[in-house]
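Take a look at the structure set out below.
The values are calculated or read from the model by the stated rules, or taken from the named source; none is laboratory data. What you see is a predicted model; the values in this text were computed from it and never measured. Cβ coordinates were reconstructed from backbone atoms using ideal geometry, including for glycine residues, and neighbour counts include every protein chain displayed. When the accessible area is computed, the model is the full protein with side chains, heavy atoms only, and any ligands, DNA or RNA have been set aside. Shrake-Rupley method; radii C 1.70, N 1.55, O 1.52, S 1.80 Å.
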Amino acid sequence: MTETTTEAPSMPDAIGYGFAEMVTLASLQGGDAAVLSAEALRVDGYLNNTDMVSAGASSLVARGLAKAESDGLLSVSGPTAAVAALLSSASRRMEISLLTAEGGDSVIGMEGGDINLLFQPRAYFTWWAMAQRPDVTAAEANFMVIKQHLRDNPQGGATLRRREDPKGQTLYVKNGGDQSWTIGISTPRQTDVTETSGVDDTALLGHIRTIRQD
């Protein structure tokens, strides 16, 4: 089956996609960027699985998110086209791990051109795509995710890394008390992370920008 996409920039606050649907959307245009995006969303092992791609296409059509054209091609439009376009063109993928005593999961922020989306995992391997607020920068959006998580989970933690970074730098963040943060930065070769306490919002945002390589 051959798929095509029709791009459209508009995006609702959030829209959910099943596992097979994400595989299909990542397969639409293909390419190295699509593979990296699929790896970030943990669906890369199924990109060449025609049964999985077909199942995702069928689900998208049934939900009215895609259309089967008369020539056999699959077309997507509206918000779903924006998701498909970003998966195959993203130049930055930020992985934000939100940690609690019970465990945690990773939120993925993808950026490409004028499309910035946040992908949040939900039950049964689904992903919810949410548009970034237009009145904040991507770095500020990353900061807001971390801040909200630690506000809701004061004893928790968060990490941030750019998946394309060859150095593998990771920023660790936790509450530091007195409305400050405690942070640390590591690379895969480091065995220990040196913590810095008393970090304010402005300084933390600066560290986020460094990890993002803005």
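Looking across region 166-191 at every residue that is at pLDDT below 95 and charged (D, E, K, R), the one that is farthest from Glu111 (Cα to Cα) is identified as Asp178.
From Val23, Val76, grab the single residue that is within 30 Å of Arg133 (Cβ to Cβ), β-branched (Val, Ile, Thr) and modelled with pLDDT under 95. One residue alone meets the criteria, Val76. Looking at region 132-154, which of its residues are among the polar types (S, T, N, Q) and open to solvent by 40 Å² or more (accessible area, probe 1.4 Å)? Gln132, Thr137, Gln148, Asn153, listed by residue number. Within region 118-131, one or more residues are touching a residue at least 24 places away in the same chain (Cβ under 8 Å), within 30 Å of Asn153 (Cβ to Cβ), open to solvent by 60 Å² or more (accessible area, probe 1.4 Å) and of a type in the set (A, V, I, L, M, F, W, C). Working only within region 186-197, note down all residues that are open to solvent by 60 Å² or more (accessible area, probe 1.4 Å) and not in a loop (DSSP other than H, G, I, E, B). Answer for region 186-197, where residues must be open to solvent by 60 Å² or more (accessible area, probe 1.4 Å) and not in a loop (DSSP other than H, G, I, E, B): Thr196, Ser197.
When Ala38, Ala90, Ala34, Ala55 are checked against the criterion of being more than 20 Å from the chain's Cα centre (by Cα) and without any contact (Cβ under 8 Å) to a residue 60 or more places away in the chain, Ala55 stands alone in meeting it.
Tell me, which residue of region 98-117 that is without any contact (Cβ under 8 Å) to a residue 40 or more places away in the chain and over 14 Å from Ala85 (Cα atoms) is most open to solvent (accessible area, probe 1.4 Å)? Ranking the candidates gives Glu102 first.
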